[in-house]
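Only one structure is covered here, and it is reproduced in the block below.
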Amino acid sequence: MTYTMWIILTASLVSVACSIVGVLLVLRKMAMISDAISHTVLLGLVSAFLITQSLDGLAMFIGAAIAGILTAVFIQLLNSAGVQADAAIGIVFTFLFAIGVILVSMFARDVHLDVEHSIMGELAFIPWTTVDWLGIEGVPQAVWMISIVLVINIILLFVFYKEFKLSSFDPHLAAALGIPVVFLHYLLMGMTSITAVASFDAVGAILVVAMIIAPPATAYLLTEQLGKMFIYSAIIAVLSAISGYYFAAMLDTNIAGMMATMTGLFFLAAFLFSPTHGVVIKKIRNRFTTYSNDEA
Amino acid sequence: MNPVSTNNITVAYHRKPVIQNVSFEAPEGKLIGIVGPNGAGKSTLIKSILGLVPKASGNISIYGKPYKKQRQIVGYVPQRGSVDWDFPTNALDVVLMGKYGQIGLIRRPNKKDKQEALECLAQVGMEAFANRQISQLSGGQQQRVFLARALAQNAFVYFMDEPFVGVDAATEKAIIQLLTDLKSKGKTVLVVHHDLQTVKDYFDWVMLLNIRKIAFGPTEEVFTQEHLQKTYGGRLAFLDQESNGVNPLA
Ligand SMILES: Nc1ncnc2c1ncn2[C@@H]1O[C@H](COP(=O)(O)OP(=O)(O)OP(=O)(O)O)[C@@H](O)[C@H]1O
Ligand SMILES: [Mg+2]
């Protein structure tokens with residue numbers, strides 16, 4: 001595999017993993033929780049490091065998952081105590097992220113955990129850190145991590161597909177039928193957290209948030225079937241990653257930033273031209289309908 | 001054994017009681033109306049029976065056992081406005097959701113489930129809309145889909161929260177016919193209802209609720225001027241104005 005291929009592969013795996021949790025979050029109107037979680041996992045990472053004194057992958061994952069779930073728990077607590085949902089997200093997010101930043105700068109300055117990096121990511125360096133595992137050699141560590149998370153996301157989505165669907169559409173009936181609505185909520189928070197932590201070292205928090213929100217929001221404009229929404233958003237996410245890479249190379253700019261920009265452009269295109277929801281198409285259709293009514 | 005029996009249930013949101021010490025025994029095979037002003041706690045009463053909101057105190061049983069053991073025999077139609085009708089799915093799919101509790105993990109609805117769901121849609125006159133996006137259904141059609149979903153649950157006891165809101169006269173008639181069919185099969189249906197004019201026509205029994213239970217019993221016995229006054233207080237001034245032709249007791 002060439003250097004370019006590794007970068008594109010990593011970004012594509014990240015984008016599919018993110019778009020899976022993204023569809024569920026967008027449908028539950030909880031997209032901005034991903035913004036909070038993708039930042040607060042930093043606190044989980046640095047806590048895991050301080051406890052284990054190593055950068056062991058598993059400890060990092062567990063630390064991040066705990067931080068992500070705690071973020072969701074705190075938001076829930078504030079919210080049910082009467083704080084507006086978006087304010088609750090903002091407070092918890094900045095508070096936990098700030099603690100993470102302080103801990104990193106106090107205790108973990110020398111290790112491979114820095115704040116700027118966590119926001120923008122360093123896709124360009126990914127191919128250099130490889131890990132041999134399962135007899136396969138020369139695969140970048142980031143590719144291993146994100147592949148594992150992607151597989152976990154796909155399995156959980158497959159196992160709980162009905163349950164996620166019903167608890168997103170009608171949580172009351174779901175609970176009445178005995179579907180573990182609260183468990184699913186925190187499971188999704190956990191999935192978001194491990195996706196964020198596996199992704200953000202490679203691509204940074206901004207691209208994680210972009211990939212979680214924009215491709216699902218785009219797919220939402222293009223289809224009215226849940227199954228297709230997952231597929232479309234995965235395709236759009238991968239297309240954003242690939243086109244973003246080449247535009248970045250062309251303009252010699254930040255790769256993750258360009259990929260995030262592409263997700264926005266795809267959304268804009270769907271927003272304007274979607275056959276069912278696009279504002280331009282609707283305008284044209286309205287004009288046409290008015291016209292034919294006049295004639296009638 | 002009664003289909004629904006509650007003993008002194010109290011529910012509070014933020015310490016403010018929303019329903020207080022409500023006890024009742026619902027008889028089998030009856031259509032039972034639940035009426036009361038906005039904010040009286042009607043939806044909350046249903047939700048507490050179904051375990052959707054925590055109770056401060058009290059007990060609930062469905063045919064003598066706790067709700068958790070009886071989920072399979074209880075059907076629920078939430079208020080139509082409580083879900084997002086822009087959710088990417090179609091009418092048949094929504095009806096199938098009524099069966100999710102019985103289908104089990106990982107398994108998907110099979111041909112038989114789909115066939116049954118189609119039959120439920122047919123019972124509410126919506127079979128032609130099976131593949132229609134739910135966002136493209138009218139309010140009354142959405143309500144019918146919700147009823148079809150409850151039918152798909154194949155329950156013995158049904159709780160319906162305002163199934164008549166926003167439906168036209170024809171749909172209302174169809175729904176009442178459906179409820180009467182359920183009753184004739186020995187099923188018990190509890191319906192939150194707003195239109196006082198139709199209470200006497202539709203319901204065998206009625207509960208008047210305003211945080212506390214004001215009255216509960218056969219409609220002709222408890223649906224009285226006095227109880228209505230107590231339930232609605234000054235808000236039902238028109239009760240006295242028979243000249244308006246809106247006296248629900250007439
Ligand atoms: N989730 C909630 N948090 C706080 N208060 C609530 C909540 N849900 C309902 N309430 C309050 O509880 C009271 C009863 O609400 P409920 O929805 O049960 O009334 P209702 O009788 O169904 O009214 P409506 O006729 O308007 O549907 C209201 O005062 C309402 O403001
Ligand atoms: Mg209500």
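Only one entry in B:Tyr63, B:Tyr67 is within 11 Å of chain A (Cβ to nearest Cβ) and in contact with a strand residue (DSSP E or B) (Cβ under 9 Å, 6 or more places away or on another chain), namely B:Tyr67.
When the stretch B:31-53 is limited to residues that are modelled with pLDDT of 95 or more and more than 15 Å from ligand 2 (Cβ to nearest atom), the one that is farthest from the other protein chains (Cβ to nearest Cβ) turns out to be B:Leu31.
Taking residues in the stretch B:41-59 that are without any contact (Cβ under 8 Å) to a residue 24 or more places away in the chain, and partners anywhere that are away from ligand 2 (no atom under 14 Å from the Cβ), the pairs with Cβ atoms closer than 6 Å and at least 6 places apart or on different chains are B:Gly51/B:Tyr67; B:Leu52/A:Ala175.
Considering each residue of the stretch A:124-182, count those that are of a type outside the set (D, E, K, R), in a loop (DSSP other than H, G, I, E, B) and within 14 Å of chain B (Cβ to nearest Cβ), and give that number. Can you show your working first?
So the first thing to find is which residues in the stretch A:124-182 are of a type outside the set (D, E, K, R), and the list is A:124-131, A:133-136, A:138-161, A:164, A:166-169, A:171-182.
Imposing the further condition that a residue be in a loop (DSSP other than H, G, I, E, B) reduces the set to A:129, A:134-135, A:160, A:177-180.
Then keep just the ones that are within 14 Å of chain B (Cβ to nearest Cβ); that gives A:160, A:177-180.
Going through the stretch A:124-182 one residue at a time, the tally reaches 5.
Are any residues in the stretch A:180-202 aliphatic (A, V, I, L, M) and either surrounded by fewer than 24 Cβ atoms within 10 Å (Cβ to Cβ) or within 20 Å of A:Ala237 (Cα to Cα) (or both), and if so, which ones? Correct list: A:Val181, A:Val182, A:Leu184, A:Leu187, A:Leu188, A:Met191, A:Ile194, A:Ala196, A:Val197, A:Ala198, A:Ala202. Answer with yes or no whether A:Gly63 is within 15 Å of the chain's Cα centre (by Cα) and touching a residue at least 12 places away in the same chain (Cβ under 8 Å). Here the answer is no, as A:Gly63 does not meet what is asked. Checked against the criterion of being away from chain A (no Cβ under 14 Å) and closer than 24 Å to B:Ser82 by Cβ, the candidates B:Leu118, B:Leu151, B:Leu182, B:Leu147 yield just one match: B:Leu182.
I need the full set of residues from the stretch B:174-204 which are more than 16 Å from the chain's Cα centre (by Cα) and charged (D, E, K, R), in order please.
Just the residues of the stretch B:174-204 that are more than 16 Å from the chain's Cα centre (by Cα), to begin with: B:184-186, B:197, B:200-201.
Matches in the stretch B:174-204: B:Lys185, B:Lys200, B:Asp201.
For B:Glu127, the stated conditions do not hold, so it cannot be described as more than 25 Å from A:Thr223 (Cα to Cα) and of a type in the set (Asp, Glu).
Of the residues making up the stretch B:1-16, just one is small (Gly, Ala, Ser) and away from ligand 1 (no atom under 11 Å from the Cβ), namely B:Ser5.
Which residue out of A:Val23, A:Val41 is more than 14 Å from every other protein chain (Cβ to nearest Cβ) and among the aliphatic types (A, V, I, L, M)? Lay out the reasoning, then the answer.
On the way: A:Val23 fails: more than 14 Å from every other protein chain (Cβ to nearest Cβ).
The match here is A:Val41.
If you go through the stretch B:164-189 and keep only what is more than 19 Å from B:Val145 (Cβ to Cβ) and either in contact with a helix residue (DSSP H, G or I) (Cβ under 7 Å, 6 or more places away or on another chain) or aromatic (Phe, Trp, Tyr) (or both), you end up with nothing. Restricted to the stretch B:79-93, and to residues there that are within 11 Å of another protein chain (Cβ to nearest Cβ) and more than 16 Å from ligand 1 (Cβ to nearest atom), the residue that is surrounded by the most Cβ atoms within 10 Å (Cβ to Cβ) is B:Asp93.
Here is a check on your reading of the model: is B:Val157 more than 16 Å from ligand 2 (Cβ to nearest atom), within 14 Å of another protein chain (Cβ to nearest Cβ) and either farther than 25 Å from B:Ala91 by Cα or at pLDDT 95 or above (or both)? Lay out the reasoning, then the answer.
On the way: more than 16 Å from ligand 2 (Cβ to nearest atom): yes; within 14 Å of another protein chain (Cβ to nearest Cβ): yes; either farther than 25 Å from B:Ala91 by Cα or at pLDDT 95 or above (or both): yes.
Answer is yes for this residue.
Does at least one position in the stretch B:150-167 carry a residue that is farther than 23 Å from B:Lys47 by Cα and in a helix (DSSP H, G or I)? No, the stretch B:150-167 has no match at all. If you filter the stretch A:206-221 down to residues that are away from chain B (no Cβ under 14 Å) and crowded, with 24+ Cβ neighbours inside 10 Å, you find that the one that is nearest to A:Ile146 (Cα to Cα) is A:Val208.
Among the residues of the stretch B:96-114, at least one is within 9 Å of chain A (Cβ to nearest Cβ), free of Cβ contacts under 8 Å to residues at least 40 places away in the same chain, part of a helix (DSSP H, G or I) and touching a helix residue (DSSP H, G or I) at 6+ places or on another chain (Cβ under 6 Å).
Apart from one condition, A:Ser233 fits all of (1) at pLDDT below 95; (2) within 14 Å of chain B (Cβ to nearest Cβ); the exception is (1).
The values are calculated or read from the model by the stated rules, or taken from the named source; none is laboratory data. Just so it is clear, the structure is predicted and the values come from calculations on it, not from any experiment. Cβ coordinates were reconstructed from backbone atoms using ideal geometry, including for glycine residues, and neighbour counts include every protein chain displayed.
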